[in-house]
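**Q** What follows is a structure written as C-alpha cells; I'll ask about it next.
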Amino acid sequence: MSTISEKELSDYRSEAAAWFAENTIADPGFMLPLTFMEVGTDQQFNFLRDWQNKVYEAGYLGAAWPKEYGGGGLDQKFQTIATEEMAKANGPIMLNAIGLNWAGPLILDMGTDEERKRYIKGILSAEDIWCQGFSEPENGSDLGNAQTKAVRDGDDWVLNGSKIWTTQGNYAKYMILLARTNPDAPNKYAGLSFFLSPMQVDGIETVPIRKLTGEYGFTQTFFTDARIPGESLMGKEGEGWLVAMRTLEYERGVKGGQPGGYVMRASDPFEIVELARKATRGGKPALEDPVIKDQLIQLMIEARSLQLNSKRGHIQPLVQDKPASLALSSKLMATEFMRRLNEFAITLQGQRGAYYVGEPDAYDEGLWQRAYLNSFSATIGGGTSQIQRNIIGEHVLGLPKS
C-alpha cells in the first residue's frame, strides 16, 4: 500500500485552493440557500445543480468514492482537503444532500454492484436528485408505524399513501422509500420494505409546503396506484427496517462514507462579532458590553469544541470507553447549537431584530432571522432533538426505555 507524501497533499491543497478561488461565485445576484432544505426556486435549484456538477467534474466531490462507480478513487485525505478549501472560499452548498449523504453511502454499503453502477455517478454529478420518503402525516416520529403501502403486482410494486417533509421532492428523480409490504406481519417492523423508487411516474404527485419563512423546499408526496419496477426493492422484502436504520446512521452522522462538500452552511460565532460591532447598546457597540462579550466567547468555545469532537470521534483511543457517544450526540449538539447561535444574533439587534429579509433596516439583509427560523428544521429532521436524547440515554448511558 503506497504512502501519501506531505508534498502530494500540499500540492493538492494548492490546486484545490486555486480552483475554488477562481470558480466560486459568492453572490450570484439572488439569495442563495443556507441549507439544502431551503431550495425553493428554480433559479436557486439550477444554480446549485450547476455548481455541484462543476465541483464534481473538477474532481473535488466524491474524490474518495470508488472510481468504477464514478468517484475519484483517491484517499479520503484528498477529499477532506478539497472540502476544507471549499469552505475557505465560502463556496455554495452542495445541492443533492440526500443523494450524497444518505442514499449514496447506503448504496455503496448495502447495495448490489448493479445498483452502484446505476445510481452513484448521477448522485455525484447532480444529474439525479434524490429525496427521502420516511415521515408520514400521521406517523412523523414513529417511523416504524409507516402506513404507505407497496403491493406486489406481477413484476411491479403498486404504491398508495403519503409522505411528508419530502425535501426537494418536486425536483427529485429518485426517493429512498420505506413502505409497508406485509400488513399481517407479526410486528410492525417486519412488515416494512425499502425501495429506491423512481419519482417521475404516473400516480406520484408532490405538493410544495410553504414554511414560516415564506420559502419552500419541502413537499408532501402522494402515491395513488403508482407503479414502480420490482427492481426498485433494496435488499429483501420485509427487511426494510434494517436498511432504514442504516440510512439513519448516515443521516445522523453516526457512520462516515459521505463524498465531501457540505449541504448546510453553519453560522459562525466570529461572524456575530462583526454584527456586535454594528449593533448598539445604549449608544455604544454591543461588543463593548462585558456580558455580551462573555456570551460570545462561550459560543466560540462551544463551536470549537464541536469541531474538535468531530475529529476526536475518528481517533479510536480517545473514544474507546464509549465508542458511539460522540457520533450519536453530534447531531443533537450541532443542530441545537445552531439554533441558539442564531437566536443570540437576533437578540443583539434590539428592535431591529424584528426586521426580516427584504426590509431596508435589517442587519445583514435579514440573514440571522432567516437562519434562525430555518434552524428548527435541522432539529427535527433525522429524528427530533427529543428522540436524539432518548437514543443517547438508551444506547450511550444504558438507561431503560421507561
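Every read-out reported here was derived from the displayed coordinates using simple, explicitly stated rules and does not represent laboratory data. Only a predicted model underlies this, so the values are computations on that prediction, with no experimental measurement involved. Cβ sites come from the backbone with ideal geometry, for glycine too, and all protein chains shown count toward neighbours.
**Q** Read phi for every residue in the stretch 109-120 and hand back ³J(HN,Hα) as whole Hz from Karplus 6.51 cos²θ - 1.76 cosθ + 1.60, θ = phi - 60°, with x for Gly and Pro.
**A** These are the phi-based 3J(HN,Hα) values: 7, 10, x, 7, 4, 5, 5, 4, 5, 6, 10, 5 Hz.
**Q** Next question. Quick one: Karplus J couplings for the stretch 5-15, per residue in order, coefficients 6.51, -1.76, 1.60, θ = phi - 60°, nearest Hz, x for Gly and Pro?
**A** With coefficients 6.51, -1.76 and 1.60, one gets 7, 5, 5, 4, 5, 5, 5, 5, 4, 4, 5 Hz.
**Q** Sequence-distant or interchain residues sharing an amide H contact under 5 Å with Met175, placed H: which?
**A** Cys131, Ser197, Met199
**Q** Another question, then. Among Thr83, Thr35, Thr280, whose mean-square fluctuation peaks in a Gaussian network model of the chain (Cα, cutoff 10 Å)?
**A** Evaluated over the chain, the most mobile residue of the options is Thr280.
**Q** Pairs of Cα atoms under 8 Å, at least six residues apart: use those to get the relative contact order of the stretch 7-141, whole percent.
**A** 29 percent
**Q** So if I take the centroid of the Cα atoms in the stretch 258-288 and the same for the stretch 166-192, what is the distance between those two points in Å?
**A** Rounded to whole Å, the Cα centres lie 40 Å apart.
**Q** Excluding same-chain residues fewer than 8 positions from Lys284, which lysines have a Cα within less than 30 Å of its Cα?
**A** Within the straight-line cut-off, Lys284 pairs with Lys293.
**Q** What residues qualify as long-range amide H neighbours of Ala279, i.e. H under 5 Å apart, gap of 5 or more or another chain, H built at 1.01 Å from N?
**A** Answer set, sorted by chain and number: Ala286.
**Q** Gaussian network model of the chain, Cα springs within a sub-10 Å range: biggest mean-square fluctuation belongs to which of Phe47, Phe337, Phe223?
**A** Phe47
**Q** A further question on this structure: Could you give the length gained on full extension between Glu394 and Val201, defined as 0.36 nm per residue of separation minus the Cα-Cα distance, in nm?
**A** 65.4 nm
**Q** What is the fewest-to-most order of Ser402, Ser375 by other Cβ atoms lying within 10 Å of their Cβ?
**A** Ser402, Ser375
**Q** Here's something else I'd like to know. If I model a spin label as a point 7 Å beyond the Cα along the Cα-Cβ vector, how far apart are those points for Ile380 and Arg210 in nm?
**A** Here the answer is 1.7 nm between the modelled labels.
**Q** Let me ask something else. Where does the Debye-calculated log10 I(q)/I(0) of the stretch 131-251 sit at q = 0.09, 0.11, 0.14, 0.22 Å⁻¹, using only Cα point scatterers of equal weight, no solvent?
**A** Taken in order of the listed q values, log10 I(q)/I(0) reads -0.22, -0.33, -0.53, -1.31.
**Q** Let me ask something else. Work out how far the C-alpha atoms of the chain reach from end to end along every principal axis, then list the three figures in whole Å, largest first.
**A** Result for the chain: principal-axis Cα extents of 74, 52, 48 Å.
**Q** Could you tell me which of the pairs Lys54/Lys173; Lys117/Lys211; Lys211/Lys311; Lys121/Lys331; Lys236/Lys331; Lys67/Lys255 are separated by over 25 angstrom between their Cα atoms in the structure shown?
**A** Violating the 25 Å limit, Cα to Cα: Lys117/Lys211; Lys211/Lys311; Lys121/Lys331; Lys236/Lys331.
**Q** I've got another one for you. In a Gaussian network model over the chain where Cα atoms closer than 10 Å are linked, find which of Ser267, Ser14, Ser385 has the largest mean-square fluctuation.
**A** Comparing Ser267, Ser14, Ser385 in the GNM, the peak value goes to Ser14.
**Q** Further, regarding this structure: Give the Debye-formula value of log10 I(q)/I(0) at each listed q (0.16, 0.23, 0.26, 0.30 Å⁻¹), with one equal scatterer per alpha carbon of the stretch 339-402, two decimals each.
**A** So the normalised log intensities are -0.61, -0.87, -0.99, -1.15.
**Q** With a ≥ b ≥ c the root eigenvalues of the C-alpha gyration tensor of the stretch 1-153, is it rounded (a/c under 1.5), prolate (a/b larger than b/c) or oblate?
**A** oblate
**Q** Run a plain Debye calculation on the stretch 206-347 (Cα atoms as equal point scatterers, no solvent) and give log10 I(q)/I(0) at q = 0.10 Å⁻¹, rounded to two decimals, same order as the q list.
**A** Taking Cα atoms of the stretch 206-347 as identical point scatterers yields -0.59.
**Q** I've got another one for you. Between Ser14 and Ser305, what length in nm is gained on full extension when 0.36 nm per residue of separation is reduced by their alpha carbon distance?
**A** Computed gain between Ser14 and Ser305 is 102.0 nm.
**Q** Moving on to the next point. Under 13 Å from a point placed 7 Å out from the Cα of Glu271 along the Cα-to-Cβ direction: which residues of the stretch 339-362 have their backbone N that close?
**A** The answer is 339, 341-343, 345-346, whose backbone nitrogens lie closer than 13 Å to the label point.
**Q** Right, next: Check which residues have an amide H placed less than 5 Å from Ala190's amide H, if you skip close sequence neighbours.
**A** none
**Q** Can you compute 3J(HN,Hα) from phi for each residue in the stretch 305-312, using the Karplus curve 6.51 cos²θ - 1.76 cosθ + 1.60 with θ = phi - 60°, rounded to whole Hz and x for Gly and Pro?
**A** Per residue, the Karplus-derived 3J(HN,Hα) values read 5, 5, 4, 5, 4, 4, 6, 4 Hz.
**Q** Counting other C-beta atoms within 10 Å, and keeping those with at most 12, which DSSP coil trypsin sites (Lys or Arg not before Pro) do you find in the stretch 140-234?
**A** Arg210
**Q** Something else now. What distance in nm lies between label points placed 7 Å from Cα along the C-beta direction at Ala185 and Thr3?
**A** Roughly 5.0 nm, to one decimal.
**Q** Another question, then. Relative contact order for the chain: what is it in percent, counting Cα pairs under 8 Å that are at least 6 residues apart?
**A** Normalised by residue count, the contact order of the chain is 14 percent.
**Q** Using Cα pairs under 8 angstrom and six or more residues apart, how large is the relative contact order of the stretch 269-395, in percent?
**A** Dividing the mean separation by the residue count of the stretch 269-395 yields 22 percent.
**Q** Quick one: work out Rg over Rh on the C-alpha atoms of the stretch 195-262, Rh as Kirkwood radius.
**A** 1.05
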